[in-house]
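Remarks on the structure that follows.
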Amino acid sequence: MKLIFIGTGHGSATATHMSSVTYLECGGKSYLVDCADGADAVMMQKKLSPSELSAVFITHLHLDHTGGLPVVLKRTLKEEGPGINVVLPALAAAPVIKEWLAFNGFAAKLEKNPQAVCFRSSLEGFNDGNVEVAAFQTQHLTDPERPSYAYSIKTEGKKLFFTGDLRGDCADFPLEAANGSDLVVSELTHFRMHHIWPFLEKLNTKALVFNHIGNWSQVPEEQKNILEKCKELPYPVTIAFDGMEFEL
């Protein structure tokens, strides 16, 4: 099983960090967790095939997590891939995405093959026989019509956990759902270390990767301090960077 942290930055891309895109390859299939702008292009540069993706799991509907989704779907339709599942926190976004694709000339392909792009609700969960995905609501977004979710992904006998974006005080860190993971991928933008530290001390995981790196946590000296502090934890901690590969 391989993860490639394609984009590891926050809401605005910087010179060193794209926004959120994580690629997962397991069991001969590939998936994305979030799909910021540039996802399609970087995947092609890395010789990964966007049109062969089995599913994209969106944590919430902010552009730094969804801006690249229409382009990935366009390539799926254009190259007549095997079909892609898009797991959305709010299914109300699905008609908007379909209409945007239609405006860009793909109405006929959508009509010809409705299964080419299948939209699903995060709350339904997802299981294609290769990955089993469950969603856990967070409080990054509090509008009931536009929720935000963390995701548990079980595959190849292992459990991955993506926190998605959290509240500014980190009080919604989904500790119970994340416990027992082989790897937890946590954001590091919307809070400081003293907010998340009580949860990290109680977290039962084999490894943790900080992702969705904020302006404050992109500073080299600050990263050094974070990693030094995290040596107190009983599991290894890594700060992701664009292009970083992680194998389990």
Exercise. Assess whether D64 counts as being in contact with a Phe, Trp or Tyr (Cβ under 8 Å, 6 or more places away or on another chain), among the charged types (D, E, K, R) and under 25 Å from T142 (Cα atoms).
Key: no
Exercise. Just need a number here: residues in the range 19-70 that are within 21 Å of L248 (Cα to Cα), of a type in the set (V, I, T) and without any contact (Cβ under 8 Å) to a residue 40 or more places away in the chain.
Key: 1
Self-check item: Extreme residue, farthest from T142 (Cα to Cα), among residues of the range 77-108 that are over 22 Å from the mean Cα position of the chain (by Cα) and among the small types (G, A, S)
Solution: A108
Exercise. Look at the range 133-158 and say how many of its residues are in a strand (DSSP E or B), within 15 Å of the chain's Cα centre (by Cα) and of a type outside the set (V, I, T).
Key: 10
Practice problem: Say whether the condition of being over 15 Å from D165 (Cβ atoms), out of contact with any Asp or Glu (no Cβ under 6 Å at 6 or more places or on another chain), crowded, with 24+ Cβ neighbours inside 10 Å and not hydrophobic (A, V, I, L, M, F, W, C) is met by at least one residue in the range 23-38. | Solution: yes
Quiz prompt | Hey, D64 among the acidic types (D, E), buried (at least 16 other Cβ atoms within 10 Å of the Cβ) and over 22 Å from I153 (Cβ atoms) or not | solution = no
Exercise. Scan the range 112-132 for residues that are in a strand (DSSP E or B) and surrounded by fewer than 13 Cβ atoms within 10 Å (Cβ to Cβ) and jot them down.
Key: N127
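Read-outs throughout are calculated quantities, based only on the coordinates presented, and are distinct from any laboratory measurement. Predicted model, so just to flag it, every value in this text is computed and none were measured. Virtual Cβ from ideal backbone geometry, glycine too; neighbours counted across all protein chains shown.
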